[in-house]
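Some notes on the structure that comes next.
Derivation of every value follows stated rules applied to the coordinates shown; laboratory data play no part. All values reported here derive from a predicted model rather than from experimental measurement. Every residue, glycine among them, receives a Cβ derived from its backbone with ideal geometry; neighbour counts consider all protein chains shown.
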Amino acid sequence: MIRHFTSSAIVFNDEGHVLLVHHNKIDQWLYPGGHVDPNEDPAEAALREVHEETGIIADILGPQPFRHPAVRSIPSPFAIIEMDIEDRKVGPHRHIDFVYVCQAAGGDLAAQVEEVGGARWVPVENMAALRTPAELPALVSEAARLIPQPA
């Protein structure tokens, strides 16, 4: 089976709402993401996809990666998940998705209609009312535990 590497971001705003985009092809709400481009690492791809699809600038949350002057370290993803994809152009294949947890850092929310059907901030507890992949509400709820809580 063909496998493609993708990167995605579960982005939270200061109110603790999660950024979701409507994926036209599958008619579901998801977090922003897409294929890792050549010469791009998974973290760069996740942040690029967030900005391209929504106009939001985000920062990756999580532990600082290992640092040493002899190498470049890439932030670790929150999760790496693999899923089956049905695509009319490519045919059946699998995505290996590097999922990062992020905090919104700027930009104005504006769905990139060439890529997605809409973008919006959603309270985590309201996700169950949306049409999403089966694993998405649990994944986002777990990721929400990583965001800094207001004092």
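Residues with beta-carbon under 13 Å from that of Asp37, excluding Asp37: net charge, scoring Lys, Arg +1 and Asp, Glu -1? Result for the neighbourhood of Asp37: -4. Computed log10 I(q)/I(0) for the chain at 0.20, 0.21 Å⁻¹: -1.36, -1.49, from the Debye equation with unit scatterers placed on every C-alpha and solvent omitted. Here's how it looks for Gly107: its modeled amide H is under 5 Å from those of Ile57, which are all 5 or more places away or on a different chain.
Under a 5 Å amide H cut-off, with hydrogens placed 1.01 Å from N, Val11 pairs with Leu19, Cys102 among residues at least 5 apart or on other chains. Ordering of 43-54, 75-86 by packing is 43-54, 75-86, highest average first (other Cβ atoms within 10 Å, averaged per residue). Of the residues Lys25, Lys89, the one with the fewest other Cβ atoms within 10 Å heads the list, and the complete ranking is Lys89, Lys25. Taking θ as phi - 60° and the Karplus parameters 6.51, -1.76 and 1.60, the scalar couplings of region 101-112 work out to 9, 9, 10, 5, 10, x, x, 10, 5, 8, 4, 7 Hz in sequence order, x denoting glycine and proline. In terms of surrounding Cβ atoms within a 10 Å radius of their Cβ, Val116, Val71, Val21 rank from fewest to most as Val71, Val116, Val21. Based on DSSP H segments of at least four residues, each scored -39500 (n - 2.57), the chain has a per-residue ellipticity at 222 nm of -4500 deg cm²/dmol.
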